[in-house]
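The values are calculated or read from the model by the stated rules, or taken from the named source; none is laboratory data. Just so it is clear, the structure is predicted and the values come from calculations on it, not from any experiment. Here the Cβ positions follow ideal geometry from the backbone for every residue, glycine too, while neighbour counts run over all protein chains shown. What goes into the accessible areas is simple: the full protein's heavy atoms, side chains included, and nothing from ligands, DNA or RNA. Shrake-Rupley method; radii C 1.70, N 1.55, O 1.52, S 1.80 Å.
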Amino acid sequence: MNKTTPPSATAREARVRDLEAHDELAPMRDRFHIPCDERGAELAYFAGNSLGLEPKTARALVNEELDAWAELGVAGHFKERRPWFSYHELARQSLARIVGANEREVVAMNSLTVNLHLLMASFYQPTPDRFRIVIEDTAFPSDSYAVASQAAFHGFDPADAIVRLTPRAGEDCLRTEDIEERLDREGQSIALVLLGGVNYLTGQLFDMERLTRAGRAAGAVVGWDLAHAAGNAPLRLHDWNVDFAAWCSYKYLNAGAGAVAGCFVHEMHWKIGAVSRPRLEGWWGSDPVSRFQMAPEFAPAPGADAWQLSNPPILSMAPLLASLAIFDEVGMDRLREKSLRLTGYLEELLAGLGDRVRVITPTDPAQRGCQLSIAINKKAKAVQSQLSAAGVVCDFREPNILRAAPTPLYNTFHDCWRLASTLATALDSSH
Ligand SMILES: *Cc1c(COP(=O)(O)O)cnc(C)c1O
């Protein structure tokens with residue numbers, strides 16, 4: 001694009017139409033309920049990084065289980081179609097594909113922060129010499145609280161135990177080589193590296209393969225919080241030798257508020273002969289073959305399933321199945337391919353707004369998912385309200401960051417255009 005002569009309105013429209021015409025995932029939008037304003041016009045919804053939209057098939061799946069409960073009562077646990085006893089199994093294959101794992105390495109259970117704690121109960125085993133936990137300085141608050149409370153739980157002072165990674169002066173994102181260097185230098189005292197695969201604030205997608213290697217080489221356990229990565233970025237957890245991971249399912253995985261989360265435990269930690277680790281256990285982690293013998297001794301289920309505690313909430317797992325069917329149909333490769341084009345287009349439009357906005361997310365597409373975090377030189381809260389009044393939904397983080405996530409399953413190139421043009425107007429007018 002030529003800086004001195006901005007494209008005419010017709011050229012811009014032609015470009016959006018062309019992008020839309022070549023978007024083979026465009027029909028997927030119709031699989032979702034798109035929220036509307038009070039006049040019934042569809043919103044340009046960029047908040048899929050907070051709460052993904054509802055798949056239209058979710059309601060039927062929830063109703064199916066409500067009906068089964070009404071008609072069958074306890075017999076629903078062993079009904080023919082989707083028995084509750086093994087309901088969580090139905091999510092296994094799709095989740096394994098999304099995070100790049102063997103089927104037995106994943107399980108759908110609990111919520112994200114709960115899973116982080118359960119996994120740290122096994123994988124954070126500090127000693128007086130090796131007790132530190134590395135996180136991003138801009139980690140999501142729940143992760144900060146979780147690691148600090150784990151350190152305190154083991155008798156360590158969080159101020160000493162938690163290492164917060166900060167970018168170089170004048171930069172917004174962390175550099176892989178700086179983290180590697182730190183892990184190499186301070187590795188002896190580090191017990192656990194727990195980073196967000198995609199940072200929730202900056203949108204930075206980490207080189208998980210390299211950082212997992214560096215953390216493990218330093219003698220630490222490496223876990224990933226994939227809240228903003230699952231269903232967004234390509235993942236190969238098994239091949240990268242990630243020790244453990246957890247994610248929620250209500251962001252890019254579109255499974256509804258408070259949806260059942262996911263958990264990954266690499267097979268090296270549970271296959272026969274693996275070094276045994278402590279674990280907090282409950283009956284649903286026991287081998288389903290012998291579970292109803294109700295024995296007092298715990299016989300673990302094979303794989304990540306052994307970390308389950310309770311029988312799963314069927315009604316909140318039903319929408320997850322509805323969503324995963326869409327991911328299976330599209331596949332992460334095609335999803336990522338559109339995602340790169342959609343986010344690239346939004347980036348291009350934002351560049352046209354000049355120095356009033358600055359995207360702090362890495363410009364290298366390999367280092368980001370779909371989200372762009374936009375620092376603006378006006379009162380971001382006021383700008384966000386104006387966007388919202390114009391039907392453009394994105395969120396605001398202190399002090400001046402707007403986060404916009406064009407998600408490839410239901411956002412359009414036209415949505416991106418709406419965001420950029422509304423933002424231009426809002427920046428012109430707000431004080
Ligand atoms: C969204 C998010 C959470 C939310 O935790 P819940 O336990 O699902 O409420 C935690 N960590 C990160 C990194 C997140 O992005």
query: Which residues, counting only those in the range 141-161, are among the small types (Gly, Ala, Ser), more than 10 Å from the ligand (Cβ to nearest atom) and assigned to a helix (DSSP H, G or I)?
result: Ala148, Ser149, Ala151, Ala152, Ala159, Ala161
message: Anything in the range 38-71 that is out of contact with any helix residue (DSSP H, G or I) (no Cβ under 9 Å at 6 or more places or on another chain), among the aliphatic types (A, V, I, L, M) and assigned by TED's automatic domain parsing to the domain that holds Trp283? List them, or say none.
response: Ala70
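What is the residue count in the range 376-424 for residues that are outside any strand (DSSP E or B) and of a type in the set (D, E, K, R)? Reasoning before the result, please.
Filtering the range 376-424 down to residues outside any strand (DSSP E or B) leaves 377-391, 394, 398-400, 406-424.
If we keep only those that are of a type in the set (D, E, K, R) too, we end up with 378-379, 381, 398, 415, 418.
The total comes to 6.
Kindly evaluate Thr176 against the criterion of being open to solvent by 10 Å² or more (accessible area, probe 1.4 Å) and within 28 Å of Ser373 (Cβ to Cβ).
Details: open to solvent by 10 Å² or more (accessible area, probe 1.4 Å): yes; within 28 Å of Ser373 (Cβ to Cβ): yes.
In short, yes.
Being in a loop (DSSP other than H, G, I, E, B), outside the structural domain of Tyr410 (by TED's automatic domain parsing) and in contact with a Gly (Cβ under 9 Å, 6 or more places away or on another chain) narrows it down to one residue among Gly256, Gly273; which is it?
Details: Gly273 fails: in contact with a Gly (Cβ under 9 Å, 6 or more places away or on another chain).
Criteria check complete, one pass: Gly256.
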- prompt: Given the residues Glu89, Glu64, Glu38, which is the only one that is of a type in the set (Asp, Glu), more than 26 Å from the chain's Cα centre (by Cα) and over 25 Å from Phe413 (Cα atoms)?
  reply: Glu64
message: One residue is enough: does the range 265-279 have a residue meeting the conditions at pLDDT 95 or above and among the β-branched types (Val, Ile, Thr)?
response: yes
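Matching residues to (1) closer than 30 Å to Leu201 by Cα; (2) surrounded by fewer than 13 Cβ atoms within 10 Å (Cβ to Cβ); (3) among the polar types (S, T, N, Q); (4) within 16 Å of the ligand (Cβ to nearest atom):
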residue: Leu19; (1), (2), (3), (4): yes, no, no, no
residue: Asp23; (1), (2), (3), (4): yes, no, no, no
residue: Phe32; (1), (2), (3), (4): yes, no, no, no
residue: Pro35; (1), (2), (3), (4): yes, no, no, no
residue: Glu42; (1), (2), (3), (4): yes, no, no, no
residue: Arg59; (1), (2), (3), (4): no, no, no, no
residue: Trp69; (1), (2), (3), (4): no, no, no, no
residue: Gly73; (1), (2), (3), (4): no, yes, no, no
residue: Arg82; (1), (2), (3), (4): no, no, no, no
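Evaluate the range 325-333: report whether one residue or more is closer than 18 Å to Met109 by Cβ, modelled with pLDDT of 95 or more and of a type outside the set (A, V, I, L, M, F, W, C). Please lay out each step first, then the result.
Residues of the range 325-333 that are closer than 18 Å to Met109 by Cβ, as a first pass: none.
Among the residues of the range 325-333, not one is closer than 18 Å to Met109 by Cβ, modelled with pLDDT of 95 or more and of a type outside the set (A, V, I, L, M, F, W, C), which makes the answer no.
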- line: Taking the range 276-302 and keeping residues under 19 Å from Leu119 (Cβ atoms), in a loop (DSSP other than H, G, I, E, B) and open to solvent by less than 40 Å² (accessible area, probe 1.4 Å) leaves Gly282, Ala301
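So if I check each of Ser142, Ser149, Ser50, Ser94, which one is surrounded by fewer than 23 Cβ atoms within 10 Å (Cβ to Cβ) and touching a Ser or Thr at 6+ places or on another chain (Cβ under 6 Å)?
Among Ser142, Ser149, Ser50, Ser94, only Ser142 is surrounded by fewer than 23 Cβ atoms within 10 Å (Cβ to Cβ) and touching a Ser or Thr at 6+ places or on another chain (Cβ under 6 Å).
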Only listed residue being more than 16 Å from the ligand (Cβ to nearest atom), touching a residue at least 60 places away in the same chain (Cβ under 8 Å) and of a type outside the set (A, V, I, L, M), chosen from Thr166, Thr127, Thr138, Thr176: Thr127
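Residues checked against (1) assigned to a helix (DSSP H, G or I); (2) of a type outside the set (A, V, I, L, M, F, W, C); (3) surrounded by fewer than 16 Cβ atoms within 10 Å (Cβ to Cβ); (4) touching a residue at least 60 places away in the same chain (Cβ under 8 Å):
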| residue | (1), (2), (3), (4) |
| --- | --- |
| Leu309 | no, no, yes, yes |
| Pro312 | no, yes, no, yes |
| Ala318 | yes, no, no, yes |
| Phe327 | yes, no, no, yes |
| Arg336 | yes, yes, no, yes |
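Only one residue in Leu201, Leu183, Leu174, Leu192 is among the aliphatic types (A, V, I, L, M), under 30 Å from Leu324 (Cα atoms) and either at pLDDT 95 or above or not in a loop (DSSP other than H, G, I, E, B) (or both). Which one?
Values: Leu183 fails: under 30 Å from Leu324 (Cα atoms); Leu174 fails: under 30 Å from Leu324 (Cα atoms); Leu192 fails: under 30 Å from Leu324 (Cα atoms).
So the residue among Leu201, Leu183, Leu174, Leu192 that is among the aliphatic types (A, V, I, L, M), under 30 Å from Leu324 (Cα atoms) and either at pLDDT 95 or above or not in a loop (DSSP other than H, G, I, E, B) (or both) is Leu201.
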message: Anything in the range 97-119 that is more than 13 Å from the ligand (Cβ to nearest atom), in a helix (DSSP H, G or I) and either small (Gly, Ala, Ser) or open to solvent by less than 60 Å² (accessible area, probe 1.4 Å) (or both)? List them, or say none.
response: Ile98, Val99, Glu105
Filter pass, Arg185 being within 22 Å of Thr361 (Cβ to Cβ), open to solvent by 20 Å² or more (accessible area, probe 1.4 Å) and either more than 17 Å from the chain's Cα centre (by Cα) or of a type in the set (Gly, Ala, Ser) (or both): no
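Is it the case that His77 is within 16 Å of the ligand (Cβ to nearest atom), out of contact with any His (no Cβ under 7 Å at 6 or more places or on another chain) and open to solvent by 40 Å² or more (accessible area, probe 1.4 Å)? Lay out the reasoning, then the answer.
Working: within 16 Å of the ligand (Cβ to nearest atom): no; out of contact with any His (no Cβ under 7 Å at 6 or more places or on another chain): yes; open to solvent by 40 Å² or more (accessible area, probe 1.4 Å): yes.
So His77 does not fit the description; no.
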